[in-house]
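To start, the structure itself, in structure tokens.
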Amino acid sequence: MDRHSRFTGQPPYKRKEEGNKESHNNKYVRSSYYSHVPSSVASSHSPVLSVRRHLYDVDFPLYKQPVEIGHFSLDSSRRFFNDARMLRHYVEADGCPNFNLRDGYTDRFIKRDDGIKERLDHLLRWILENRSKLQRTPVDGDTSGSSCRLSADFVTWRGHLTKLLTTPYETQEGWLLAVTLFNGTYYISEVETEAARRNRENRTERHAEMMYWGYKFEQYMCADEPNGLPDPSGVVNTNEAFCTVVQTRLTDHSLLFSGEVDCRDNSSRFKVAPGYYVELKTSAEICTPKQRSNLHSKQLFLSVSTNINSVYKLLKWWAQSFLPGVPRIIAGFRDNDGLVVSLETFETAKISQLIKISRIEIQAPDSTSDSMVTFTIEERAAITSTWTDVDLEELGKRGLARMLVVYPWTRINFKMFGDISNSAAILANPQIRALGKKVASVLGNVVMNLNNVEGTVTGLAKWHADNIKVDPEHFKVGILAGSKLYVII
């Protein structure tokens, strides 16, 4: 079913000008915007834009590197300060930290009242206190110069832009935005939808606690001082925040927006903000291909399931960090009891490539699919002949090692193998080499039985299900067009 997204108020149209005078009653989206939107999506007669994903499968528009022009802090009582007093500092932790995210939830937690809607208040106060940092021009007709226009077409929060950016891939959460045109600048604020209000008011205790886990993870990873240490025994107060204010351009639209920053990495090679900022995230530990696909981007894995309801975490993580120019995301993978079992680092610029790689892997069809290839006698002979020249031990070792390096969360299943903390350790690990050879041997059996692939691996799938609790649905072999063999384990 098609979905549509709307701004509240009147529809956006190109600004009209008469001489040097600007009509402030006219809504505006510059015509260059429509050069990036298919004609089937945009209409000059309607405020509606379709959010069907395939309509936006085009080149990404020009987005200028964001530049930080300021920052501000909000203290434990949500008071505004035009400084960096609430900026925390990243402290590197062990690869298997065993953080207890449930600690302090019942006795050391001060939760911000999310029923109070602050809208753009804090950002507008920053603008008022930092007028000298902003290029401004007098409003037409104001001879006193007391009223000036900002050098920004749009002013908003990073979170609102994230929702806009990920709208074509989000099927659960709607949004409603209020847009005010003042002195040539559009101020975008969010209005809570009725569905969002119901979800907030009916939030389960388990859900509320899991929201706390993200803040607790930040407490484990951050210090208050540049050379300090984290203090997980302290109080978690979600009123506190440090926010960056950045300027950038989307094609010929100038943007000024603000977003909360988790911490600064003082050892970063970048010496200027936002390059040294770090985003901290938590997610459930990844044990199955379905969970991996949920993390990587839901829209890429509809061939696996058309009813996956989880948030497309990695896509949102990318959007949240890409927009303000934060280069690195550190994720803590936790179990169902709130214990962080591993840490992984994602470079924002490389996330799109991770998604592309996973798209190729996960789109392999079931072994019972009609798209399965039927090999001729000559093709089977060519494949088996080629296979005889394969070094099973080397192929298996490198194949398994690549999985553990490219998808580091899979290391959770191989803790008993000793040191697998990096690519060098993985390649040198004798247990990895031995298991890789076994995996390659299984592939050899498949190659020798191309006319009965499913029958060849059924027993192995049952063994994995009975002995190490691997869901048989996650142990599949598919033969795809082009004589390519894909194995999903």
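The values are calculated or read from the model by the stated rules, or taken from the named source; none is laboratory data. Here the structure is a predicted model, which is why all the values come from computation and not from measurement. Every residue, glycine among them, receives a Cβ derived from its backbone with ideal geometry; neighbour counts consider all protein chains shown. To get the accessible areas, we keep the full protein, side chains included, count just its heavy atoms, and leave off ligands, DNA and RNA. Shrake-Rupley method; radii C 1.70, N 1.55, O 1.52, S 1.80 Å.
Key figures
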{"quantity": "Amide H within-cut-off set for R112, under 5 Å, with H built and near neighbours excluded", "calculated": "T238, N239"}
{"quantity": "Which of K415, K117 is most accessible, then next, and so on - probe 1.4 Å", "calculated": "K415, K117"}
{"quantity": "E201, E118, E393, reordered so the largest accessible area comes first (probe 1.4 Å)", "calculated": "E201, E393, E118"}
{"quantity": "Accessible-area value, L164, 1.4 Å probe, nucleic acids and ligands omitted, Å²", "calculated": "60"}
{"quantity": "Gain in span if fully extended, K415 to R79, counting 0.36 nm per residue against the direct Cα distance", "calculated": "116.4 nm"}
{"quantity": "At R0 = 25 Å, FRET efficiency that the Cβ-Cβ distance of A208 and N467 yields, to 0.05", "calculated": "0.10"}
{"quantity": "Vicinal HN-Hα couplings computed from phi for segment 323-330 (Karplus, 6.51 cos²θ - 1.76 cosθ + 1.60; Hz; Gly/Pro x)", "calculated": "4, x, x, 7, x, 9, 10, 10"}
{"quantity": "Ranking by accessible area, most exposed first, for W126, W463, W387 with a 1.4 Å probe", "calculated": "W463, W387, W126"}
{"quantity": "Vicinal HN-Hα couplings computed from phi for segment 183-196 (Karplus, 6.51 cos²θ - 1.76 cosθ + 1.60; Hz; Gly/Pro x)", "calculated": "6, x, 10, 8, 9, 10, 10, 9, 10, 5, 6, 5, 5, 5"}
{"quantity": "Surface/4 estimate of mean projected area, convex hull on alpha-carbon atoms of segment 184-241, nm²", "calculated": "7.0"}
{"quantity": "Theoretical gain in end-to-end length, N336 to M448 [0.36 nm per residue, Cα-Cα removed]", "calculated": "36.2 nm"}
